[in-house]
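The values are calculated or read from the model by the stated rules, or taken from the named source; none is laboratory data. Because the structure is a prediction, the values reported are computed rather than measured. Heads up, the Cβs are rebuilt from the backbone with ideal geometry, glycines too, and the neighbour counts pull from every protein chain shown. In case anyone asks, the SASA skips ligands and DNA or RNA and just uses the protein heavy atoms, side chains included. Shrake-Rupley method; radii C 1.70, N 1.55, O 1.52, S 1.80 Å.
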Amino acid sequence: MASLPAHIKAIVFDAYGTLLSIDTLNTRLEKHFGDQAKAINQVWRQKQLAYTWLRGLMREYKAFSIVTEEALLFAGNHLKVSLSRETIIDLVRGYFELQAYEDVQPTLERLQETHSLAVLSNADPVMLTAAMTHNQLSPYLDAVLSVDTVRQFKPSPAVYQLAVDRFQLPAEEIAFVSANTWDITGAAAFGFRTVWLNRFGKTMDTLGYSPTLSIQSLSELG
């Protein structure tokens, strides 16, 4: 068990790749594209993130559902597959119904007894709330926080500030949990204590910020 520092009062979780599995989109993708599903999903996710960073730098915010559609269109063009409007709608809808990892529900149930809990995500409020409801996670959360409030994407400090404002706690009393190395780096730079959920055997970024804790399963967090 990886123990959080005693002064931590709230734990904030990233959504995609941390609580919710992007791989669950593969089943939906397979219905449309067969054995190209995994390749499309990988390009789609990579470009989805890249577009949030580009839009942040350009200061041209659009809701995450729109960014997700834009990234899907790129994936289709890149892999030379045809995307009808009906297919696009169906695939983007998949983000509203992503499945949580098996270690999520029991961990949140346990941690809510000792800490305030929240999700902080790039997702639109409707997308995010739908996914939490779909996985019956809402009862364990004190807040569901979306970047749409500040119209900036992570890793903008304004996004992480949403958790500070919601819980009325200094950043150093909040732990931020993510499977995404860039998100851990951004949260650490902001001042959170960070927990890197290294589900996929990745390498941490080398920008001068190290996670407070590193775990391989959410169930290790205590």
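Quick look at the numbers
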| item | result |
| --- | --- |
| Residues of the range 33-85 satisfying the condition of being in a helix (DSSP H, G or I) and of a type in the set (S, T, N, Q) | 36, 41, 42, 46, 48, 52, 65, 68, 77 |
| Residue list for the range 2-24, filter: touching a Gly at 6+ places or on another chain (Cβ under 6 Å) and modelled with pLDDT of 95 or more | none |
| Exclusive hit being open to solvent by less than 70 Å² (accessible area, probe 1.4 Å), of a type in the set (D, E, K, R) and not in a loop (DSSP other than H, G, I, E, B), set 93, 28 | 28 |
| Any hit, the range 98-106, residues being open to solvent by less than 50 Å² (accessible area, probe 1.4 Å), assigned to a loop (DSSP other than H, G, I, E, B) and among the aliphatic types (A, V, I, L, M) | yes |
| Pairs, first of a type in the set (A, V, I, L, M) in the range 41-55, second assigned to a helix (DSSP H, G or I) and open to solvent by less than 20 Å² (accessible area, probe 1.4 Å), C-beta under 8 Å, six or more apart | 43/75; 50/71 |
| Selected residue (only one of 22, 66 is surrounded by 15 or more Cβ atoms within 10 Å (Cβ to Cβ) and closer than 30 Å to residue 192 by Cα) | 22 |
